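K.L.:
Once you've had a glance at the structure underneath, I'll fire off some questions.
The values are calculated or read from the model by the stated rules, or taken from the named source; none is laboratory data. Computed from a prediction, not measured in an experiment: that's the story for all the values here. So basically every Cβ, Gly included, is an ideal-geometry build from the backbone, and we count neighbours across all protein chains shown. Surface areas here come from the heavy atoms of the whole protein model, side chains and all, with no ligands, DNA or RNA. Shrake-Rupley method; radii C 1.70, N 1.55, O 1.52, S 1.80 Å.
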Amino acid sequence: MTIGLFIPCYVDQFYPRAAIATLELLEKYGCSVSFPAAQTCCGQPMANSGYEHLTHSCNEHFTTLFADYDYVVCPSGSCTLHVKDHLHASNEQAALGIRRKLYELTEFLTDVLQVTTIDAYFPYRVGMHQSCHGQRGLHLAQMSELVAPPFSKPLQLLQQVKGIELVSLNRKDECCGFGGTFCVTEEAVSVKMGKDRVADHLQHDVQYITGVDMSCLMHMEGILKRRGSKVQVIHIAEILNAAVLQPATV
Amino acid sequence: MEQSNQQHADLARKFNGNESRVNWHDETLWWIRQKRDKIVWQVPEWEALREAASQIKHHVLGNLADYLEEFERNAQQNGVTVHWAADAAEHNRIVHSLLQQQGVTRMVKSKSMLTEECHLNEYLAEHGVEVIDSDLGERIVQLLKEPPSHIVLPCIHIKKEEIGELFHKYLGTPEGNADPQLLTHAARLHVREVFMSRKVALTGVNFAVAETGEFVVCTNEGNADMGAHLADVHIASMGIEKIIPRREHLGVFLRLLTRSATGQPVTTYSSHFAKPRPGQQMHLVIVDNGRTVQLGREQFRNSLKCIRCAACMNTCPVYRRSGGHSYHTAIAGPIGSILAPNLDMKQYADLPFASTLCGSCSNVCPVKIDIHNQLYQWRQVITQNGHSPAAKTAAMKVMATTLSQPKVYTLAGKAGRWVLRNMPWLVNNRLNPWYKQRNMPEAPKQSFREWYAQNKKQG
Ligand code: SF4
């Protein structure tokens, strides 16, 4: 099984640890993973700003790079959703193929690899942020608005991590307010949403906030650091891979 | 109630000037969202009901002309006079002329978001007609000379202490008394006098039943009934999209409406008006005001399914923290943001961007409008119609070029960190709004691609 690793541009530049953990995790489960080095970005910042019409060449590039893999895996719900919803190219067959074989990391682990045991150790109190695009867009977890049975793919994985203590939040799937360019064009509301989201985690004495989207975590990290908090953000891949980065003491 | 030209972000920033008030506003509306959650979980077929409502409305929108004509025929047979208004101005003229025919200069009105959309009160005031809003919340904002900030809870942004002050000033309640029971009693006496003395009453319409020609008005206060039953002339204003084919469909919509709106099982009063009582006149004004244009926009057509329950506002994390007035339009929140650009794309170009596209609105919507997708689509339409800032367009073009040329991107990305200089939220200077209240992420020594090149074979 060949996997093309799609790493969001800001993860590549700012959170390489999340990308490394993703890669190592997939390899641990026997996947043969490559990172096409010519990749740039999925075009979401443009599209969500109302410039989807400028994303054609970006889409062409993306399609060419990823067309030949069995699967494409990405450690971001938001970027995955964007590509799944909006990737079109002159080779539409290839674009359609990518839209179908692209998975966010946790859903790839639960649905394709059908991972049932996670060999990881992370002895901390952790709050899980349900990023909206992953949750409501990709249905990684049941949404609190619907009258439907609960499930959560990321939590299903986290619950198997040894030593982890998962807290349950007052508002389990409220948006953090990142929202792409929203975070600067609507600075006041974005920050207020972020502060409130962070406060919910802090109220439950978490040591880490995790999630499937580094962008939401980056926003909350910015708020945490500004207030001098010791609480850290960490991508879910890093926790699921924690045994490798941080061997458990038996 | 002057029209504001300010952008949502500016108005939201002002609202956020008082953080404890924002917290209070957010928590009040979240409490309503929780009440809604609690009651919808008591209806096991909730999702099926939503689907049914959505399908009924879909069918209506596909056959709107036929149903409107059927409704008109039946209403006329019942003795109701039907008027058609192409736009807000015509609606206001019709209402005014009906008042003139009666020779009255005073009218009582129950909740009607359509008349807010048409700015009826202002129009009538300019023509020497005094309108008293009989819904308690609407009366409060009317006394404050403000527009409603929420379509179901018009004064949700006002604290009870402020209402106490207001009533002290206008209704003579004791100073410093904010006891809800006392204030409601004062309002009741005040509005009762109005009901008794007005010859013309205007109400909104929640549902218009094509097969019978009757219309249904839902209130919790019974104020629509009080007004209509005591007046010689009952005028009801409705948008063309209020039609449902059959009376039995109320069994779907009435179950959804108030559960979604306030978490109650049903409105206290769901009154059916079919024909004028002897000696009374009943007039229906059926208004288009841009709705047929929206009907013609395929990707936005579904917005006309809206039954104005406001669940999308209560759940919206942005609305809760920016307040209804930040939307500078009669209908605030997520639904307002997809309706308003249809009326004036330039004036409301900011609204579809006042969202994180989190999607919670679409999930609570009882008629399953894909609100967040429509917000995304409006962004595209607004941009392509030239209503976005030139600087933004220029920046986006640079981004588009770079992202399709990996050499340019990776060269810039090495030491220069292209992302850092070009992603709007990461532009590394202290003028960046990101930095005002948030720290920048720290750039690591190595990007992932550098690490990969060093540690792994070529990809
Ligand atoms: S869009 Fe849906 S949720 Fe919002 S007010 Fe209309 S019916 Fe209610």
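K.L.:
What is the distance in Å between the Cα centroid of segment B:292-342 and that of segment B:66-94?
P.N.:
When both Cα centres are located, 25 Å separates them.
K.L.:
For B:K445, which lysines qualify as cross-link partners when the Cα separation must be under 16 Å and same-chain residues fewer than eight apart are set aside?
P.N.:
B:K414
K.L.:
For B:I331, tell me the accessible area in Å² from a 1.4 Å probe, rounded to the nearest 10.
P.N.:
The value for B:I331 is about 10 Å².
K.L.:
Moving on. Give the ranking of B:S110, B:S197, A:S168 by solvent-accessible surface, highest area first, calculated with a 1.4 Å probe.
P.N.:
These residues rank, largest area first, as A:S168, B:S197, B:S110.
K.L.:
Next question, about the same structure. Using every pair of alpha-carbon atoms in segment A:51-181, split the distances into 10 Å bins beginning at 0 and state the percent of pairs per bin, rounded to integers.
P.N.:
11, 35, 32, 17, 4
K.L.:
Jot down the per residue volume, in cubic angstrom and as a whole number, of the convex hull over the alpha-carbon atoms of segment B:255-344.
P.N.:
150 Å³
K.L.:
On the principal axes of its Cα set, how long, how wide and how thick is the protein assembly as shown? Give whole Å, largest value first.
P.N.:
90, 57, 48
K.L.:
Then there is this: Under 10 Å from the Cβ of B:A340, count the other residues' Cβ atoms, weight Lys and Arg +1, Asp and Glu -1, and hand me the total.
P.N.:
-3
K.L.:
Take the residue pairs A:K172/A:K192; B:K111/B:K199; B:K397/B:K436 and return only those whose Cα atoms are more than 20 Å apart.
P.N.:
B:K397/B:K436
K.L.:
May I pose another question? State, in angstrom, two size descriptors of segment A:124-250 derived from its alpha carbons: Rg to one decimal place and Dmax to the nearest whole number.
P.N.:
Cα-based Rg and Dmax for segment A:124-250 come out at 14.5, 49 Å.
K.L.:
For segment A:1-113, with only Lys/Arg (+1) and Asp/Glu (-1) charged at the beta-carbon, what is the dipole magnitude about the Cα centre, in debye rounded to 20?
P.N.:
With Lys and Arg at +1 and Asp and Glu at -1, about 80 debye.
K.L.:
Computed on alpha carbon atoms, what radius of gyration and Dmax characterise segment A:2-112, expressed in Å?
P.N.:
Reported Rg and Dmax, both Å: 13.1, 40.
K.L.:
Work through the residues other than A:R136 whose Cβ is under 9 Å from its Cβ and net out their charges, Lys, Arg +1 and Asp, Glu -1.
P.N.:
Taking every other residue near A:R136 into account, the sum is -2.
K.L.:
Compute the separation of the alpha-carbon centres of segment A:135-202 and segment B:1-60 and state it in Å as a whole number.
P.N.:
If we compute the Cα centre of each part, the gap is 18 Å.
K.L.:
Grab the DSSP H runs of the protein assembly as shown that are 4 residues or longer, score each as -39,500 (n - 2.57), total them, divide by all residues and round the 222 nm result to the nearest 500 deg cm²/dmol.
P.N.:
Here the helix-only value at 222 nm equals -13500 deg cm²/dmol.
K.L.:
Residues of B:397-407, mean number of Cβ from any other protein chain within 10 Å of their own Cβ, rounded to a whole number?
P.N.:
Mean shielding count: 6.
K.L.:
Let me check something: with ligands and nucleic acids excluded, how do B:H157, A:H201, B:H127, B:H58 order by accessible area (1.4 Å probe), largest to smallest?
P.N.:
Descending order: B:H58, B:H127, B:H157, A:H201.
K.L.:
In addition: How big is the gap, in Å, between the Cα center of segment B:185-199 and the Cα center of segment A:1-50?
P.N.:
Cα centroid to Cα centroid, the span is 66 Å.
K.L.:
Take every Cα pair under 8 Å in chain B that's 6+ residues apart, average their separations, divide by the length, and report that relative contact order as a whole percent.
P.N.:
Relative contact order here is 20 percent.
K.L.:
So if the hydrodynamic radius of chain A is defined as the Kirkwood radius over C-alpha pairs, what does Stokes-Einstein give as its diffusion coefficient at 20 °C and 1.002 mPa s, in µm² per second?
P.N.:
116 µm²/s
K.L.:
Counting only other chains, what is the mean number of Cβ atoms within 10 angstrom of the Cβ of each residue in peptide B:444-454?
P.N.:
The per-residue average across the peptide is 6.
K.L.:
Can I ask one more? Rounded to the nearest 20 Debye, what is the dipole magnitude of chain B about its Cα centre when Lys and Arg each give +1 and Asp and Glu each give -1 at the C-beta?
P.N.:
I would put it at about 2240 debye.
K.L.:
In Å², rounded to the nearest 100, what is the total accessible surface buried by chains B and A against each other with a 1.4 Å probe?
P.N.:
Summing both chains' loss of accessible area gives about 7000 Å².
K.L.:
Summarise the partner chain shielding of B:348-356 as one whole number: the mean count of Cβ atoms from other chains within 10 Å of each residue's Cβ.
P.N.:
Across B:348-356, the average partner-chain Cβ count within 10 Å equals 4.
K.L.:
Something else: Once the other residues with Cβ under 10 Å from the Cβ of B:N314 are scored (Lys, Arg +1; Asp, Glu -1), what is the net sum?
P.N.:
Charge balance in the 10 Å sphere: +4.
K.L.:
Sorted by accessible area with a 1.4 angstrom probe, largest first, how do A:L25, B:L182 fall?
P.N.:
Sorted descending by solvent-accessible area, the residues read B:L182, A:L25.
K.L.:
Quickly work out the B:E19-to-B:K346 label distance, labels modelled 7 Å from Cα along the C-beta direction, and quote it in nm with one decimal.
P.N.:
Those two pseudo-labels are separated by 3.9 nm.
K.L.:
Same structure again: Once the dipole of segment B:45-289 is set up with Lys and Arg at +1 and Asp and Glu at -1 on Cβ about the Cα centre, which of B:M113, B:Q55, B:G213 lies farthest towards its positive end?
P.N.:
With unit charges placed on the Cβ atoms, the residue in question is B:G213.
K.L.:
A:K153 accessible area, nearest 10 Å², 1.4 Å probe?
P.N.:
Roll a 1.4 Å probe over it and A:K153 shows about 30 Å².
K.L.:
Next question. Based only on Cα atoms, what Rg/Rh ratio does segment B:157-272 have, Rh being taken as Kirkwood's radius?
P.N.:
Reported Rg/Rh (Cα atoms, Kirkwood Rh): 1.06.
K.L.:
On C-alpha positions alone, give me the angle between the axis of helix B:180-197 and the longest principal axis of chain B, in degrees, nearest 10.
P.N.:
50 degrees
K.L.:
Going by alpha carbons, how many degrees (0 to 90, nearest 10) lie between the helix axis of B:88-102 and the longest principal axis of chain B?
P.N.:
Helix B:88-102 sits at roughly 20 degrees to that axis.
K.L.:
Give me the angle, in degrees from 0 to 90, between the Cα long axis of helix B:250-261 and the longest principal axis of the Cα atoms of chain B, rounded to the nearest 10.
P.N.:
Helix B:250-261 sits at roughly 60 degrees to that axis.
K.L.:
Given a 1.4 Å probe and the protein chains all in place, what does the accessible area of A:R17 round to, in Å² to the nearest 10?
P.N.:
Only protein atoms counted, so the area is about 130 Å².
K.L.:
Tell me the volume per residue, in Å³, of the convex hull enclosing the alpha carbons of chain B.
P.N.:
Per residue, the Cα convex hull of chain B comes to 177 Å³.
K.L.:
If you don't mind, another one. If you place +1 on the Cβ of every Lys and Arg and -1 on the Cβ of every Asp and Glu, how big does the dipole about the Cα centre of the protein assembly as shown come out, in debye to the nearest 20?
P.N.:
Dipole magnitude for the protein assembly as shown comes out near 1320 debye.
K.L.:
Kirkwood hydrodynamic radius for segment B:45-289: how many Å is it when counted over pairs of different Cα atoms?
P.N.:
By the Kirkwood definition, the hydrodynamic radius is 18.7 Å.
K.L.:
Given the peptides B:230-240, B:247-257, A:52-62, arrange them by the average over their residues of other C-beta atoms within 10 Å, most packed first.
P.N.:
B:230-240, A:52-62, B:247-257
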